[in-house]
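Input: a single structure, listed below in structure tokens.
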Amino acid sequence: MNGSLELARALGHVRNAVVAFVAADDPSGESLFLAGDCLDLEGLFAELGVEPELVDPGVNARASLDSASEALAAARPVVPLAMWARLQAVRARATR
Amino acid sequence: MTATVGTLLDDVHARAWDLCTRSSETEEGTSHEQAAGYLAAWPRLANAALRVLDAVHVEPVWLDDASAVREVLRAIAVEKSLASPSVAGSDVAPAASERAVLAIATRLGAIADMLSGQPAARTEVDHAASLGMQANAVAVVHAVAVTTLAALGDQHEFESARWLMRGVAARTQRHAATPTVERAGRYEDVAAVSSEDRSLDGAIARWLPATVAALGSPRRVTQNALQFAAGDALILIATAGTVLNAAAQVGLVRDDPADRARPALVGAHEAWRPLVSWPGTVRLHGVRDVEQFEASRQLRQVITDNLRENREWLPPETLSDRFDLASLMGSLRRGMHALGNVSVAHFQALDRLVRSSGQLWIAASAVTQPAYRGAATVEAACRKGWVPMPPGEPAGLDLLADAKKALAGTAVAVAALDATAAAAAAPTQRGSDALKWEGGRIVACGADDHPRLFETVYSPEPAGARSERRAPVRLGGPQQSSPRR
């Protein structure tokens, strides 16, 4: 399995999550902060020089984050712990 | 609490009011030394007041409403005889300046310092705010002039000074009579905020330069930087809307300006949305800017920690209980002004990127212009690769158009929120016959008994409001027996 490809797919899913969070009609404002957290995560990918893969958008933002998690899990040897931890934290916040 | 021009004005007006009260309550009348002390402090007071009047530049198209006041203050600022008014040429030592008046002068100077970095007032809202600021400063000068006149009494050695003070009181009367609701404006929100400050103001003070620096450098700007700026814009605007609703609910902001500000904020929010997402087929290389990232994270954290609970905004009642809503509104107005600066930097960055070649990249499969769909592009599309964005590509132009909408929407929202900076109704307290206390400020009232100074107004140039000038009236001497025409 090509770790680079999985990282690229994971970044693609994270980008889709940002789009979904920003588009959400959410009077609580929580989706704005979740979008910010996803942008933090994109920054970690940028530091690794990962180019995003164009992937199909998920059903919603949470589904996109789940897909990103699956992609990173498949590329575990090349995934920095900080990136994994940040993604799981965002998933947990999005699920609450 | 953050020190603002508004809090300094509160202090200055309270001190001036106390000065008036003390002087009127002195049973024996004011001594010669005290009267001389007041006069000795006037050059510094005049200088400080002049600095406040000059601090906010106004577009030349608007008349200088305070020209007569400036004139008399300039004359006093250089009037050396005020320090030793008793007998010219005598050995009398210069009078010790009245400390209370010096304290007022010092604070007016601090206000001028805080306002000195403000851009020129170009809009009607800013012009009204600058006139209100002038009225607040001149009202203090008027109050001290009235007090000084009372202290001078009818002592012979103070005759020249008496005429001078009558000139000040007459020229400042009109400004000092401006109702307090007409004086409030965004300049009262201007604050001295340290970047070490851990409040929302401090977070915004760190966020602004870090974001503008990241966007302003052609080398440092990245997609991440642009998206962060847009994401922070959404959060700041949403925060401003939440606090505005709370302030309007408790009556701190009047209905009219609140009703105009809400749709403006919604419009700005909608305009920034596409800039957070970015098109999936467009990207810009680069590692995130650490300073911008940290400042953005801190800003979001401060807002979350203070204004949110259980993934929701605090309800208006809780905001009102926990915070000084007026002060919080001031912070958000400052935040929106900061966002205005960021929106300019954001638009300029995208403008540079879209118009220059080789920086933005586009998914090869998304290139629309046939002239650029050569073999290399097709090959890249087959392997789902990226190519440098060709000039004129609609995806880039759309991004730039979105940035322009965000800039325009932010400017409208900033102006609308500035208009909410109006004084809430407050109890009125009557002082001496000439002055009253209203809404935390001194207001001149009633007909004053100072002889009117007449001025000639003429327009030597052809028609046009710009060309009106006022002829000077001689100061420091008895009034002419008839008006000058």
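The values are calculated or read from the model by the stated rules, or taken from the named source; none is laboratory data. Computed from a predicted model, the values in this text were never measured in an experiment. Note that each Cβ is placed from the backbone with ideal geometry, even for glycine, and that neighbours are counted across all protein chains shown.
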Q.
Looking at segment B:140-155, can you tell me whether even one residue there is touching a helix residue (DSSP H, G or I) at 6+ places or on another chain (Cβ under 7 Å), at pLDDT 85 or above and more than 21 Å from B:Lys436 (Cα to Cα)?
A. yes
Q: May I ask you to list the residues in segment A:23-39 that are facing another protein chain (nearest Cβ under 7 Å) and acidic (Asp, Glu)?
A: A:Glu30
Q: Kindly indicate whether any position in segment A:52-71 is buried (at least 20 other Cβ atoms within 10 Å of the Cβ), within 27 Å of B:Ala295 (Cβ to Cβ) and more than 13 Å from chain B (Cβ to nearest Cβ).
A: yes
Q: Scan segment B:349-398 for residues that are assigned to a loop (DSSP other than H, G, I, E, B) and either modelled with pLDDT under 85 or not hydroxyl-bearing (Ser, Thr, Tyr) (or both) and report the count.
A: 15
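One line per residue, one yes/no per condition, for (1) in a loop (DSSP other than H, G, I, E, B); (2) of a type in the set (Lys, Arg); (3) farther than 30 Å from B:Val181 by Cβ; (4) without any contact (Cβ under 8 Å) to a residue 60 or more places away in the chain:
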position: B:Asp256; (1), (2), (3), (4): no, no, no, yes
position: B:Ala268; (1), (2), (3), (4): no, no, no, no
position: B:Gln292; (1), (2), (3), (4): no, no, yes, no
position: B:Arg297; (1), (2), (3), (4): no, yes, yes, yes
position: B:Thr304; (1), (2), (3), (4): no, no, yes, yes
(Q) Let me spell it out: the conditions are (1) more than 14 Å from every other protein chain (Cβ to nearest Cβ); (2) surrounded by fewer than 17 Cβ atoms within 10 Å (Cβ to Cβ); (3) free of Cβ contacts under 8 Å to residues at least 60 places away in the same chain; (4) within 27 Å of B:Arg198 (Cβ to Cβ), and B:Asp324 meets all of them except one. Which number is the exception? (A) (3)
Q) Can you find even one residue in segment B:222-233 that is part of a loop (DSSP other than H, G, I, E, B), under 20 Å from B:Gln359 (Cβ atoms) and not aromatic (Phe, Trp, Tyr)? A) yes
Q. Which residues, taken from segment B:211-225, are among the hydrophobic types (A, V, I, L, M, F, W, C) and crowded, with 24+ Cβ neighbours inside 10 Å?
A. B:Ala214, B:Leu215, B:Val221, B:Ala225
Q. Across segment B:260-284, what is the number of residues that are more than 21 Å from A:Leu34 (Cβ to Cβ) and at the interface with chain A (Cβ under 8 Å from one of its Cβ atoms)?
A. 2
**Q.** Residues that are over 18 Å from B:Thr7 (Cα atoms) and in contact (Cβ under 8 Å) with a residue 24 or more places away in the chain, drawn from segment B:120-130
**A.** B:Ala120, B:Ala121, B:Arg122, B:Thr123, B:Val125, B:Asp126, B:His127, B:Ala128
Q. For segment A:3-45, how many residues meet the condition of being touching a residue at least 24 places away in the same chain (Cβ under 8 Å) and not in a helix (DSSP H, G or I)?
A. 1
(Q) List the residue pairs whose Cβ atoms are under 9 Å apart, where the first residue sits in segment B:160-171 and is crowded, with 24+ Cβ neighbours inside 10 Å, the second is among the acidic types (Asp, Glu) and in a helix (DSSP H, G or I), and the two are 6 or more positions apart or on different chains. (A) B:Arg171/B:Glu71
Q | Output for segment B:288-321, where each listed residue is facing chain A (nearest Cβ under 10 Å) and surrounded by fewer than 16 Cβ atoms within 10 Å (Cβ to Cβ) | A | B:Val290, B:Gln301, B:Asn310, B:Arg311, B:Glu312
Q. When you go through (1) more than 14 Å from every other protein chain (Cβ to nearest Cβ); (2) under 23 Å from B:Leu407 (Cβ atoms); (3) buried (at least 19 other Cβ atoms within 10 Å of the Cβ) one by one for B:Asp201, which number turns out not to apply?
A. (2)
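Conditions tested, residue by residue: (1) of a type in the set (Lys, Arg); (2) farther than 15 Å from B:Val287 by Cα; (3) more than 14 Å from every other protein chain (Cβ to nearest Cβ).
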site	(1), (2), (3)
B:Pro209	no, yes, yes
B:Arg220	yes, no, no
B:Gln223	no, no, no
B:Ala230	no, yes, no
B:Ala233	no, yes, no
B:Asn245	no, yes, no
B:Gly251	no, yes, yes
Q. For segment A:73-89, what are the residues that are touching a residue at least 60 places away in the same chain (Cβ under 8 Å) and in a helix (DSSP H, G or I)?
A. A:Ala74, A:Pro77, A:Val78, A:Leu87
